[in-house]
1. Take the cross-link list 296/526; 404/505; 280/370; 404/526; 461/489; 46/247 and give me the ones stretching past 22 Å between alpha-carbons.
2. From the protein chains alone at 1.4 Å, what is the descending order of accessible area for 29, 334, largest first?
3. How large is the Rg to Rh ratio of region 454-507 when both quantities use alpha carbon positions and Rh follows Kirkwood?
4. Net charge near residue 236, counting Lys/Arg +1 and Asp/Glu -1 over other residues with Cβ under 13 Å of its Cβ?
5. Calculate how large, on average over all directions, the projected area of the Cα convex hull of region 15-137 is; give the answer in nm² to one decimal.
6. Could you work out the relative contact order of the chain? I mean the mean sequence separation of Cα pairs under 8 Å and 6+ apart, divided by the number of residues, in percent.
7. Run the dipole for the chain about the Cα centre, Lys and Arg Cβ at +1, Asp and Glu Cβ at -1, nothing else charged, and hand back the magnitude in debye, nearest 20.
8. Pop out the ³J(HN,Hα) list for region 584-595 in order, Karplus 6.51 cos²θ - 1.76 cosθ + 1.60 with θ = phi - 60°, rounded to Hz; leave Gly and Pro as x.
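The values are calculated or read from the model by the stated rules, or taken from the named source; none is laboratory data. Values in this document were obtained by computation on a predicted structure and should not be read as measured data. Virtual Cβ from ideal backbone geometry, glycine too; neighbours counted across all protein chains shown. These area figures cover heavy atoms from the full protein model, side chains too; ligands, DNA and RNA do not enter into them. Shrake-Rupley method; radii C 1.70, N 1.55, O 1.52, S 1.80 Å.
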Amino acid sequence: MCGIVGYVGDRSALPILIEGMERLEYRGYDSAGVAVVNGDMTVARKAGRLSELEAELEGRDLPGLLGIGHTRWATHGAPTDENAHPHRDCSGKIALVHNGIIENHDVLKARLVGEGHTFMSETDTEVAAHLIESILQERSCSLLEAVLEAVNVLEGAFALVCINSDDPDRIIVARQEPPIIVGAADGVGLVASDIPALLAHTRDVIPLDNRQVAEVSRGSVRVFDFAGEEVTVEPVHVEWNMEAAEKGGYEDFMLKEIFEQPDVVRDTLRGRVDREGRVKLDEVHWDDETLRRISKVVVVACGTSFHSGMAAKHSIEHYTRIPVELDLASEFRYRDPVLDETCLVIGIAQSGETADTLAAIRFAKEMGAKVVAITNVVGSSITRDADAVLFTHAGPEIGVAATKTFLAQLVALNLFALYLAQQRQSMDPAKTAETLTALQALPEQVEEVLRSQGEVHRAAKRYADASDVIFIGRGVGTAVALEGALKLKEISYIHAEGYPAGELKHGAIALLEPGVPVVAVLTGAKLYDKMLANIEEVRARGADTILVAPQGDERARALANELFEVPVTKPLLSPILDTVPLQLFAYFIAKERGLSPDKPRNLAKSVTVE
Ligand code: AGP
């Protein structure tokens with residue numbers, strides 16, 4: 001989710017680059033940089049917010065009519081000046097910015113170092129700059145030809161934007177997965193990772209298709225496929241205003257982020273399953289002996305992150321047979337927990353800044369436990385306090401209500417659980433491979449669930465005036481029920497509670513009456529019949545039932561006032577699919593009630609106080 005801009009024209013590039021990067025501010029960043037050509041290549045990079053870079057450039061004149069800029073959302077390498085983009089080759093003549101993950105960067109880096117290239121950063125991106133330099137040296141070809149060769153060597157996801165001070169009239173752009181948009185108007189050439197950065201210059205833009213390369217020059221764009229064949233492309237005319245463009249045309253960031261979830265699941269899996277069907281978590285550096293000595297796992301988190309931890313407890317215990325305790329971070333250190341060096345504490349915090357969770361893992365470390373953090377923000381506090389970090393690659397989440405980061409956490413936690421089982425040899429490798437196959441099918445399955453948003457929207461209209469809603473589930477479905485209740489209460493302000501379905505008869509069932517809808521999460525084969533019995537129980541008390549159930553489940557249909565069908569996956573992975581209709585349900589109800597889902601009252605995106 002980095003922000004990329006590029007300009008070639010007849011005006012000074014720097015102010016245009018900075019203005020474009022400011023337009024991409026909503027994409028979040030932890031560092032920023034520019035490269036401008038005026039005979040030589042001049043690069044300025046700074047960790048921190050864009051204003052840090054602007055301060056750095058204050059009073060400096062960076063003339064030049066060609067340039068590229070980048071606001072970084074770190075995935076590899078901490079947010080430092082050295083790791084900020086643009087990255088250059090050894091000659092300093094090539095500068096390049098990148099969004100995505102180059103999966104074979106380590107293999108290529110070893111080869112290029114062997115050829116004598118000197119690297120200045122720990123990023124995967126820099127590899128591309130040296131690779132292009134290497135090709136230019138070997139073939140003395142054009143930058144376009146060198147990039148066309150390079151993109152057939154690089155593996156993974158990349159939106160690359162590259163310039164060469166020896167060829168100051170063009171920008172070469174390549175896309176394999178992450179979006180990148182080009183445009184040309186009135187003698188200028190433009191590049192951006194998202195439309196808002198282009199709207200000030202043109203409304204006629206060309207979003208590159210996957211596996212395309214573009215040569216952008218003054219007033220002209222040529223597009224090629226990765227085989228080097230030129231393709232004809234027609235610009236699209238953008239009617240959006242600036243705010244709509246930042247939300248990608250969605251009405252709210254929360255809805256945009258719900259619809260980003262297939263890519264988020266894909267990106268969190270990327271590079272973490274090898275060709276042999278094994279989990280590859282390079283970021284978890286403990287040796288197998290250390291992992292085998294783990295006697296207990298404790299999960300500490302708050303809010304939505306607590307719910308992903310609740311689901312993960314089932315996965316970790318099932319795959320590894322290690323007992324798992326689950327604590328709200330705000331409670332954990334006050335209960336005098338039993339911890340020692342054989343305990344592994346998992347701190348989950350998408351922001352990486354939640355005070356309760358930070359305090360909990362610091363306490364755990366003082367007690368001698370090992371700590372692994374699951375977080376979405378590179379460079380956040382939790383990454384400095386933990387012994388190991390597993391990043392979710394969800395990109396910045398603007399909406400206060402956590403959605404895509406929740407699904408990313410579930411994916412990362414299941415990968416981690418499978419990794420523990422694999423390294424401790426506590427699970428049949430065939431079962432691991434089978435589960436990984438199910439994980440890799442999830443992005444398309446999430447897309448399928450999102451296509452049913454119309455049914456969810458209709459149900460939301462029907463129940464938008466409810467004053468109380470009960471959510472129930474069993475097993476991992478309980479975590480989904482609690483998360484669905486939290487989503488609804490935090491953005492629609494309706495009183496909503498999540499309960500283990502088996503617990504209803506111990507009190508909460510007294511709440512049920514006509515007009516109190518019950519949302520039931522009906523998944524997980526071995527608990528299915530018991531859930532059906534609970535649904536019959538609540539219907540007998542006059543409650544409407546809104547069911548999340550596997551596709552084609554006719555028994556569920558017969559018991560549903562509203563039915564949200566989801567594709568079938570492995571029971572332990574079902575929260576990744578079952579949660580999506582409940583996110584939409586909460587969102588559409590909030591909209592029906594005229595509320596702003598992105599900025600709910602009383603709440604902050606990151607709770608940095610205890
Ligand atoms: C979830 O929608 C809320 N925004 C809130 O409960 C959040 O999950 C909680 O504050 C924890 O945040 P963290 O993941 O950054 O620690």
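1. Over 22 Å Cα-Cα: 296/526; 404/505; 404/526; 46/247.
2. 334, 29
3. 1.00
4. -3
5. 7.4
6. 11
7. Numbers: 61 positive and 92 negative charges, 329 e Å.
The dipole of the chain has a size of about 1580 debye.
8. Result, ordered by residue: 5, 4, 5, 4, 5, 5, 4, 5, 4, 8, x, 9 Hz.
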